[in-house]
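*Asks:* Have a look at this one before I ask anything.
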Amino acid sequence: MGKGKFSLYLLFFFLILSGCARYPAEMETLGDRITFRFTLKGEIEPTYYYFVFINNSGDSTKGPFPIIVGPPWPINENTCATGYTHFVRLTMGQFQSFIYDESTKRDIASDPPPISGISPDQHTVEFTITRKWLGNPSKISFNIITIDYKPTDPGWEGTRQIDYLDSGPVEISTLVNKTYSSQTYGSESAGDVIPPLDIISWEVEVRLSE
């Protein structure tokens, strides 16, 4: 068994013990699925926000992109990113999923990821979504964004800390079994933001149903 798979199984084992993961009766009932995992330099801070934003067009030139500065802040849209169609958020220990409604320019709450959890050392976030939930695209682009504060006032003038992928949005195929990682797309810089937000590595696994 490869080191990566062993680590994943070990993580799932701890998640089962802690009651953090939610499993269907059989993994195959999920159909084609995509697992995201990313690791931080420091421990997760419950009050911070940890996102994976996805664009189901698969065109990285359309995003997702981080919103770095303001005001004004786009209160009718997400104040952390643009150019996305779906996203998963972790904050206060809860995983939530959203779909962007272009007509209202609002994020609509959706079913949470069927599998999700945090590693025992509180450094790694992991969750699985289905290709069906994304609209069965042939490819997607994504960005991981971590942030300490989400403005709710369009005129807010405070400062906040944010991290995102050094490579920018990453395009991947959803039609082949493959694992993508920061090892092949370029290592993530460390020390450019506080440890609980500092992304040091990521991995995305596409697993097609048999």
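Read the figures in this text as sums done on the coordinates, not as results from a lab. The structure presented is a predicted model; accordingly, all values stated were derived computationally and were not measured. Here the Cβ is made from the backbone with ideal geometry for all residues, glycine too, and neighbour counts use every protein chain on show.
*Asks:* Which of PRO112, PRO74, PRO154 moves the most in a Gaussian network model of the chain with Cα springs under 10 Å?
*Replies:* It is PRO154.
*Asks:* Still on this structure, I have one more. Anyone know which of GLU45, GLU157, GLU188 comes out most mobile in the 10 Å Cα GNM of the chain?
*Replies:* Evaluated over the chain, the most mobile residue of the options is GLU157.
*Asks:* If R0 is 22 Å, what FRET efficiency do you get for THR152 and LYS62 from their C-beta distance, rounded to 0.05? Each step should come with its number before you reach the end.
*Replies:* Numbers: r = 26 Å, r/R0 = 1.19.
Plugging the Cβ-Cβ distance into 1/(1 + (r/R0)^6) gives 0.25.
*Asks:* Using the alpha-carbon atoms, what tilt in degrees (0 to 90, nearest 10) does helix 3-18 show relative to the longest principal axis of the chain?
*Replies:* Rounded to the nearest ten degrees, it is 80.
*Asks:* Between rounded, prolate and oblate, where does the stretch 92-165 land on the alpha carbon gyration tensor, with a ≥ b ≥ c its root eigenvalues, rounded for a/c under 1.5, else prolate if a/b exceeds b/c?
*Replies:* Details: a/c = 1.88, a/b = 1.16, b/c = 1.63.
Note, shape of the stretch 92-165 comes out oblate.
*Asks:* Follow-up. With P(r) over Cα pairs in 5 Å bins from 0, in percent as the read-out, I listed (i) 1, 7, 15, 20, 22, 17, 11, 4, 2, 0, 0; (ii) 1, 7, 13, 18, 19, 15, 11, 7, 4, 2, 1, 0; (iii) 1, 6, 10, 15, 16, 14, 11, 9, 7, 5, 3, 2, 1, 0, 0, 0, 0; which label goes with the value calculated from this structure?
*Replies:* The listed entry that was calculated here is (i).
*Asks:* Which aspartates and glutamates, if any, have their Cα less than 15 Å from the Cα of LYS105, not counting same-chain residues under 8 positions apart?
*Replies:* Correct list for LYS105: GLU77.
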